[in-house]
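**Q** Take a look at the following structure, please.
The values are calculated or read from the model by the stated rules, or taken from the named source; none is laboratory data. In this text the structure is predicted, and so the values were computed from the model without any measurement. Heads up, the Cβs are rebuilt from the backbone with ideal geometry, glycines too, and the neighbour counts pull from every protein chain shown.
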Amino acid sequence: MTKLDYLTETPSQTAGPYVHIGLAPGAAGFDIYRQELGWDIAGPNAAGERIRVEGRVMDGTGSPIKDVLLEAWQANAAGVYAHPEGGGDVEEGFRGWGRVITDFATGEWGFDTVKPGATAGRNGSVQAPHITLWIVARGINIGLNTRLYFSDETEANANDPVINTIEWERRRQTLIAQRSKEDGKVVYRFDINIQGQDETVFFDV
Amino acid sequence: MSTPANTPAEYYQRDRKQHPPAFTPTYKTSVTRSPQYSLISLEQTVGEISGPRFGHNDIDPIDNDLIKNYTHGGDPIGERIIVHGRVLDENARPVPNTLVEIWQANAGGRYRHKKDTYLAPIDPNFGGCGRTTTDENGGYFFRTVKPGAYPWRNMVNDWRPAHIHVSVFGASFSQRLITQLYFEGDPLIAKCPIVQTIPDADAIDRVTAKLDMNATIPLDTIAYRFDIVLRGRRSTMFENRLEGN
């Protein structure tokens, strides 16, 4: 039997404990590149509410994982991604992509950005504002995809077609970042549980 | 709000049998870092078919030369190698202008990382990371030194085969991939609990770089070839058009 001539995706391997050397060398302890990538998600010109997103990533024992690297991908406040098929133009300097690592001592991570707008779903539906997160670390064999939604978007979240594909309503809560104000700054808290009863919903994208 | 006229053409479903499962007990760290519930299947939308793009403002030409990009007056110790190849998608089309980042141990098997305490010495002329963007044919290359094998804490006497970590973006965030490149003929490949998380022998072969004598620079640098395949994408499809592609 002849086979179709598609190629097959290269297999994933763990990013390992030293992912920082490649993707955030400053954190590994040395200075090599003119600029590291992923530190400025929104840029200076982006419209919308300035927010901070922070959290921890917990393992199956409930302990924070301290060697995680996360990447974020989001639309701007108008719901447009910085991409030729992103739905339009974005502000100069708006990238919508960021990269952050957890603190070696505490496991805390955080980044500053703008709150994204609603985006187009499939077949004319509307998706609630969200940030896509991709998580790699030692012990994670293939990157984990999840979505961060916002606690103050109650109605949009209730109508979000992706949230509504999750059969277990209790698990939907794992995707909602909790809004608070700290020193006048808007902060969303998003703790990720890799494993266990409160395991965060991860997607096969 | 973004309003593409049609639901965008998707990337092909990821074939999970080609990848390690999350839970691989012989690689012990995965045991508490593996989700136990099923992944929720997500039909792709604009956020999944788009992804970050990188340009010449982001990186410098020297960034892909690990022999020179951290020099402190000399070259690093070790076997001089070129690692090159193409980034393709599952339709065998080149993926141009995409970011490829690598990191690795030095020739003695030691990482320049504050958490690595292996007794092999740091090389003062070796940082251990590089990055480049693919050309219009999906081609990329790095010059570096061959990394050494090193022991790691898993079972008492586990050793990693020589390897280079590789991170690739592709045209969309759905194609995002991190893997490791091994070197053809290394007897540690068959013994490594991390390599062996990949369930399929053919798949392991596809993360093994091949000696490429034709790309070797005589009397100077030996070469290995490593092609990377990212997920393919459907042609733009109109609803109700049965022939699809």
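**Q** Could you figure out which of (1) farther than 29 Å from B:Gln196 by Cβ; (2) more than 7 Å from chain B (Cβ to nearest Cβ); (3) surrounded by fewer than 21 Cβ atoms within 10 Å (Cβ to Cβ) isn't true of A:Ala24?
**A** Every condition holds for A:Ala24 apart from (1).
**Q** Show the residue pairs that are 6+ apart or on different chains and have beta-carbon atoms under 6 Å apart, the first residue being within the stretch A:9-29 and over 22 Å from B:Asp63 (Cβ atoms) and of a type outside the set (Val, Ile, Thr), the second being assigned to a loop (DSSP other than H, G, I, E, B) and at pLDDT 95 or above.
**A** A:Glu9/B:Arg231; A:Pro11/B:His19; A:Pro11/B:Ile198; A:Pro11/B:Val207; A:Ser12/A:Ile142; A:Ser12/B:His19; A:Pro17/A:Asp67; A:Pro17/A:Arg138
**Q** Here's a follow-up. I'd like the full set of residues that are closer than 30 Å to B:Arg233 by Cα and either acidic (Asp, Glu) or more than 11 Å from chain A (Cβ to nearest Cβ) (or both), limited to the stretch B:87-129.
**A** B:Asp89, B:Glu90, B:Pro94, B:Val95, B:Pro96, B:Asn97, B:Thr98, B:Glu101
**Q** Out of the residues in the stretch B:16-59 meeting the condition of being crowded, with 22+ Cβ neighbours inside 10 Å and assigned to a helix (DSSP H, G or I), tell me which one is nearest to the other protein chains (Cβ to nearest Cβ).
**A** B:Thr29
**Q** What are the residues in the stretch A:160-178 that are surrounded by 15 or more Cβ atoms within 10 Å (Cβ to Cβ) and either aliphatic (A, V, I, L, M) or more than 18 Å from the chain's Cα centre (by Cα) (or both), if any?
**A** Hits for the stretch A:160-178 are A:Pro161, A:Val162, A:Ile163, A:Ile166, A:Leu175, A:Ile176, A:Ala177.
**Q** Of A:Gly29, A:Gly60, A:Gly98, A:Gly79, which residue is surrounded by 21 or more Cβ atoms within 10 Å (Cβ to Cβ) and either among the aliphatic types (A, V, I, L, M) or at the interface with chain B (Cβ under 7 Å from one of its Cβ atoms) (or both)?
**A** A:Gly79
**Q** I would also like to ask the following. Among the residues of the stretch B:60-86 satisfying the criterion of being assigned to a loop (DSSP other than H, G, I, E, B), within 12 Å of chain A (Cβ to nearest Cβ) and over 18 Å from the mean Cα position of the chain (by Cα), which is nearest to B:Leu230 (Cα to Cα)?
**A** Within the stretch B:60-86, the match that is nearest to B:Leu230 (Cα to Cα) is B:Asp60.
**Q** Of the conditions (1) surrounded by fewer than 19 Cβ atoms within 10 Å (Cβ to Cβ); (2) farther than 18 Å from A:Val136 by Cβ, A:Trp39 fails just one. Which one is it?
**A** That leaves (2) as the condition not met.
**Q** When the residues of the stretch A:1-18 are filtered to those that are facing chain B (nearest Cβ under 7 Å) and β-branched (Val, Ile, Thr), which remaining residue is surrounded by the fewest Cβ atoms within 10 Å (Cβ to Cβ)?
**A** A:Thr8
**Q** Looking only at residues that are under 29 Å from B:Tyr11 (Cα atoms) and either loosely packed, with under 12 Cβ neighbours inside 10 Å or among the charged types (D, E, K, R) (or both) in the stretch A:192-205, which one is nearest to the other protein chains (Cβ to nearest Cβ)?
**A** Within the stretch A:192-205, the match that is nearest to the other protein chains (Cβ to nearest Cβ) is A:Asp204.
**Q** Please enumerate the residues belonging to the stretch A:101-144 that are closer than 30 Å to B:His165 by Cβ and away from chain B (no Cβ under 11 Å).
**A** Hits for the stretch A:101-144 are A:Ile101, A:Thr102, A:Asp103, A:Ala105, A:Thr106, A:Gly107, A:Glu108, A:Trp109, A:Gly110, A:Phe111, A:Asp112, A:Thr113.
**Q** On to the next question. Residue by residue through the stretch B:171-228, note down the ones that are among the polar types (S, T, N, Q) and more than 17 Å from the chain's Cα centre (by Cα).
**A** Correct list: B:Asn214, B:Thr216, B:Thr221.
**Q** Continuing with the same structure: Could you list, in sequence order, the residues of the stretch A:127-147 that are in a strand (DSSP E or B), of a type in the set (A, V, I, L, M, F, W, C) and touching a helix residue (DSSP H, G or I) at 6+ places or on another chain (Cβ under 8 Å)?
**A** Result: A:Trp134, A:Val136, A:Ala137.
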